[in-house]
Amino acid sequence: MNDQLKRALVTGGSGGIGAAICRRLARDGHHVYVHARQHISAAESVVREITSGGGSAAALHFDVTDAQGSRQALESALAAGPIQVLVNNAGVHDDAVLPGMRPEQWHRVIDVSINGFFNVTQPLLMPMIRTRWGRIINISSVAALIGNRGQVNYAAAKGALNSATKALALELASRGITVNAVAPGIIATPMSAGVFDEQTIERLVPMGRAGLPAEVAAVVAFLSSAEASYVTSQIISVSGGMA
């Protein structure tokens, strides 16, 4: 199939990394659904930026933890045709050391990353399978690979996502669909700005700097392309050498 003009969905597309992925996929010729749950105006701003530059995009609003709501929103999008590129980027932090972690902190983080992965991915699979071409990229975290104090819930959620990536890759390998994960380290976004100062970054990151959202998006773009047709079941760290 032509590698251009495929339809892509990026969950959490209004955030720093998600927006960079949306811009890059649109630049590469995809029609991009920019998903958001709360930050609807931010998603619509990304859409306007893409379309004003000649790209194709639309906003999509739903809560990935709401199975019925997710399915209804996705069925509406699928009415226009299959979505062949899926980037499961939605995720949340709610940090605390485990002895002091509230149950709702644990369940919310797990719910978004794992149940959200199922609620979004499962309805898209049969339409994707029928086209015999697809790319699923799950945004994980370096925390799943090396751990991080105060993030047992987040590391557990992203570790489970890595395992789901490998299992789903085996199920879909014969159908022309690849499944991979990208594990960012410290990326320069508004969310990380208040957490990691320059000294901490220099201490933790062998390259001595935070990564850029565009650097994560570049790896996602490759995994979404025809050139990555023989790459599947991989967890690719974008972390400046942290893992």
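Which one is surrounded by the most Cβ atoms within 10 Å (Cβ to Cβ) among residues in the range 192-229 that are in contact with a Ser or Thr (Cβ under 8 Å, 6 or more places away or on another chain) and closer than 18 Å to Leu172 by Cα?
If we take residues in the range 192-229 being in contact with a Ser or Thr (Cβ under 8 Å, 6 or more places away or on another chain) and closer than 18 Å to Leu172 by Cα, then Leu223 is surrounded by the most Cβ atoms within 10 Å (Cβ to Cβ).
Name every residue in the range 49-70 that is of a type outside the set (Gly, Ala, Ser), under 18 Å from Gly13 (Cα atoms) and in a helix (DSSP H, G or I), in order of residue number.
Answer for the range 49-70, where residues must be of a type outside the set (Gly, Ala, Ser), under 18 Å from Gly13 (Cα atoms) and in a helix (DSSP H, G or I): Glu49, Ile50, Thr51.
Of the conditions (1) in contact with a helix residue (DSSP H, G or I) (Cβ under 6 Å, 6 or more places away or on another chain); (2) under 17 Å from Ile129 (Cβ atoms); (3) crowded, with 18+ Cβ neighbours inside 10 Å; (4) not aromatic (Phe, Trp, Tyr), Val182 satisfies every one except a single condition; which number is it?
Of everything listed in (1) in contact with a helix residue (DSSP H, G or I) (Cβ under 6 Å, 6 or more places away or on another chain); (2) under 17 Å from Ile129 (Cβ atoms); (3) crowded, with 18+ Cβ neighbours inside 10 Å; (4) not aromatic (Phe, Trp, Tyr), Val182 misses just condition (2).
Whether any residue in the range 98-105 is surrounded by fewer than 16 Cβ atoms within 10 Å (Cβ to Cβ) and not in a helix (DSSP H, G or I) is what I want to check.
Yes, the range 98-105 has at least one match.
Tell me which residues, restricted to the range 87-109, are closer than 21 Å to Val195 by Cβ, modelled with pLDDT of 95 or more and among the hydrophobic types (A, V, I, L, M, F, W, C).
Within the range 87-109, Ala90, Ala96, Val97, Leu98, Met101, Trp106, Val109 meet the criteria.
Conditions first: (1) assigned to a helix (DSSP H, G or I); (2) more than 25 Å from Thr178 (Cβ to Cβ); (3) of a type in the set (D, E, K, R). Asp94 passes all but one, so which condition is the exception?
Only one criterion in (1) assigned to a helix (DSSP H, G or I); (2) more than 25 Å from Thr178 (Cβ to Cβ); (3) of a type in the set (D, E, K, R) is unmet by Asp94, namely (1).
What pairs come up if the first residue lies in the range 223-243 and is without any contact (Cβ under 8 Å) to a residue 24 or more places away in the chain, the second is of a type in the set (D, E, K, R), and their beta carbons are under 8 Å apart, counting only those six or more places apart or on different chains?
none
Out of the residues in the range 154-182 meeting the condition of being more than 19 Å from the chain's Cα centre (by Cα), outside any loop (DSSP other than H, G, I, E, B) and of a type in the set (Gly, Ala, Ser), tell me which one is farthest from Arg102 (Cα to Cα).
Only one residue tops the list, namely Ser174.
Residues that are among the β-branched types (Val, Ile, Thr), part of a helix (DSSP H, G or I) and surrounded by fewer than 18 Cβ atoms within 10 Å (Cβ to Cβ): does the range 135-153 have at least one?
Yes, the range 135-153 contains a residue that is among the β-branched types (Val, Ile, Thr), part of a helix (DSSP H, G or I) and surrounded by fewer than 18 Cβ atoms within 10 Å (Cβ to Cβ).
Hey, can you tell me all the residues within the range 189-226 that are under 16 Å from Ile146 (Cβ atoms) and either basic (Lys, Arg) or touching a Cys at 6+ places or on another chain (Cβ under 8 Å) (or both)?
Result: Arg203, single match.
The values are calculated or read from the model by the stated rules, or taken from the named source; none is laboratory data. Nothing here was measured: the structure is a model prediction, and the numbers come from that model. Cβ atoms come from the backbone with ideal geometry, glycine included; neighbour counts cover every protein chain shown.
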